[in-house]
Amino acid sequence: MENNKLHDKLVKLQENMLNFAYSLTSDKDRARDLLQETSLRVLDNESKFIDNSNFKGWVLTVMRNIFINNYRRMARSKEMFDN
């Protein structure tokens, strides 16, 4: 996908991404952080996106995976401190 097309699509999705991030985190600041991290990850992995597929679905899946990984990382670190 052309770099400019990807950027344009990503900019158009920002509001949807922020709403989805807020639904995952229930915190505005954490939602913005998740949005930023997702945007960076999407731009870094542009080559992995397959043309003619669901861009919005791909981006929101990336966001969900980042959220899950961060949640698991926090859960592991809390377990270490509790012991």
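The values are calculated or read from the model by the stated rules, or taken from the named source; none is laboratory data. Since this is a predicted model, take the numbers as computed values, not measurements. For neighbour counting, all protein chains shown are included, and Cβ atoms are generated from backbone atoms with ideal geometry for every residue, glycine included. These area figures cover heavy atoms from the full protein model, side chains too; ligands, DNA and RNA do not enter into them. Shrake-Rupley method; radii C 1.70, N 1.55, O 1.52, S 1.80 Å.
Residue by residue through segment 1-26, note down the ones that are more than 16 Å from Asn70 (Cβ to Cβ), among the hydrophobic types (A, V, I, L, M, F, W, C) and in a helix (DSSP H, G or I). Residues satisfying the conditions are Leu6, Leu10, Val11, Leu18.
Test Asp29 against the criterion of being over 12 Å from the mean Cα position of the chain (by Cα) and assigned to a helix (DSSP H, G or I), and give yes or no. In short, yes. Yes or no: segment 70-80 includes at least one residue that is in contact with a Lys or Arg (Cβ under 8 Å, 6 or more places away or on another chain) and not small (Gly, Ala, Ser). Within segment 70-80, not a single residue is in contact with a Lys or Arg (Cβ under 8 Å, 6 or more places away or on another chain) and not small (Gly, Ala, Ser). Contact annotation: residue pairs with Cβ atoms under 9 Å, 6 or more positions apart or on different chains, pairing a residue in segment 1-21 that is touching a residue at least 40 places away in the same chain (Cβ under 8 Å) with a partner that is among the hydrophobic types (A, V, I, L, M, F, W, C) and open to solvent by 90 Å² or more (accessible area, probe 1.4 Å), are Met1/Ile50. Does Ser53 meet the test of being surrounded by fewer than 14 Cβ atoms within 10 Å (Cβ to Cβ), without any contact (Cβ under 8 Å) to a residue 12 or more places away in the chain and outside any helix (DSSP H, G or I)? Yes: the conditions hold for Ser53.
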